[in-house]
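Peer 1: Sharing a structure, written as structure tokens. Questions coming.
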Amino acid sequence: MPTYDYRCDANGQVVEVRHGMSEALSTWAELCERADRELGATPADAPVRRLITGGQVISSASRGEASAPACATGGCAGGMCGLD
């Protein structure tokens, strides 16, 4: 399950939670419940917004596979012209 960062403008806090891709949280109460934390002084109905954060990219190189493109001339040993 992916993790998402949410920000509450009412208190300035950013909280990371896990939930399904099709799910979205909209209030501080929902966020606190999901993160297993107390509401504190922030109103339960305070709106929260999901932040755009960089996702984890998995490339073929990180799995141990070669990622060099095919050589257009067919004469390169390593798959990339000049990079053996």
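Peer 1: Return the total of residues in region 38-54 being at pLDDT below 95 and among the β-branched types (Val, Ile, Thr).
Peer 2: Selection size over region 38-54: 2.
Peer 1: Something else about it: State the number of residues belonging to region 36-51 that are loosely packed, with under 11 Cβ neighbours inside 10 Å and among the small types (Gly, Ala, Ser).
Peer 2: 2
Condition check ((1) hydroxyl-bearing (Ser, Thr, Tyr); (2) modelled with pLDDT under 90) across all residues:
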position: Asn11; (1), (2): no, no
position: Trp28; (1), (2): no, no
position: Glu33; (1), (2): no, no
position: Asp36; (1), (2): no, no
position: Gln56; (1), (2): no, yes
position: Ser62; (1), (2): yes, yes
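Peer 1: Let me ask something else about it. What is the residue count in region 12-34 for residues that are farther than 18 Å from Ile52 by Cα and either acidic (Asp, Glu) or exposed (fewer than 14 other Cβ atoms within 10 Å of the Cβ) (or both)?
Peer 2: Residues meeting the conditions: 2.
The values are calculated or read from the model by the stated rules, or taken from the named source; none is laboratory data. Only a predicted model underlies this, so the values are computations on that prediction, with no experimental measurement involved. Glycine gets a Cβ as well: all are built from the backbone with ideal geometry, and neighbour counts include every protein chain shown.
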